[in-house]
Amino acid sequence: MRGDNLDLNSREWKDISITDIFNKFTRGQINNASLYEKTSSDGLEYIGATNRNNGVLYFFKKTNNLNSKIQKGNCIGFIKDGDGSAGYSIYKRESFVSTVNVIYGYANWLNKYTGLFFVASQDLIKSKYSHGYKRNLQHLRGDKVMLPVDNNGKPDYDFMEECGHKMMAKKYVQYLNFLKSSERM
């Protein structure tokens, strides 16, 4: 751990090609969501072309014909189109099923903290996408994201992870303080 020297402004940042830092890209597998039965929140997450609720539109009942559509988590979902969501990204930790309107990137550096850090940085380029200019793999190949870099000019994933840990700890303390103040009321 680097301690308290996690100031984002103290770091060098560099435009990094998105496709250079991911090992694999794949798109969602579901073309027609109406073919599957919706259920309560104990089902399988269905990810749509939205950045709300971390992409979850609803849940599907787990069935044998859905098994082949399940995608592994620990990935970044790049939203191709959608009402106001084109160009955004989401981090998915758990397995899910998805619309074909999201492209998923997998990399060995991804975890909950680096994934959320990456999403926050990547979403700054969202403005280039709209209904007239949809994201696809070709456009994704041209996208760059600003990330903190190490002394060799490579993305500093350790720094991103530490920032994520620090932010989670800060939010946890805020939550505990809120609970304590609520008990006094």
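Being open to solvent by 30 Å² or more (accessible area, probe 1.4 Å) and under 12 Å from Arg27 (Cα atoms), is that true of even one residue in the stretch 80-90? Looking through the stretch 80-90, at least one residue is open to solvent by 30 Å² or more (accessible area, probe 1.4 Å) and under 12 Å from Arg27 (Cα atoms). Note on the stretch 1-31: among residues that are assigned to a helix (DSSP H, G or I) and in contact with a helix residue (DSSP H, G or I) (Cβ under 8 Å, 6 or more places away or on another chain), the one that is least open to solvent (accessible area, probe 1.4 Å) is Ile18. If you go through the stretch 32-48 and keep only what is surrounded by 10 or more Cβ atoms within 10 Å (Cβ to Cβ) and either assigned to a loop (DSSP other than H, G, I, E, B) or not hydroxyl-bearing (Ser, Thr, Tyr) (or both), you end up with Ala33, Leu35, Tyr36, Glu37, Lys38, Gly43, Leu44, Glu45, Ile47, Gly48.
Among the residues of the stretch 135-156, those identified as more than 12 Å from Trp13 (Cβ to Cβ) and open to solvent by 50 Å² or more (accessible area, probe 1.4 Å) are Asn136, Leu137, Gln138, Arg141, Gly142, Asn151, Asn152, Lys154. For Asn108, indicate whether it is open to solvent by less than 60 Å² (accessible area, probe 1.4 Å) and over 12 Å from the mean Cα position of the chain (by Cα). So Asn108 fails the test. Out of curiosity, is Met146 touching a helix residue (DSSP H, G or I) at 6+ places or on another chain (Cβ under 9 Å) and part of a strand (DSSP E or B)? So Met146 fits the description; yes.
The values are calculated or read from the model by the stated rules, or taken from the named source; none is laboratory data. All values reported here derive from a predicted model rather than from experimental measurement. Quick reminder, even Gly has a Cβ in these numbers, built from the backbone with ideal geometry, and neighbours come from all protein chains shown. Areas reflect the complete protein model, heavy atoms only, side chains present, ligands, DNA and RNA absent. Shrake-Rupley method; radii C 1.70, N 1.55, O 1.52, S 1.80 Å.
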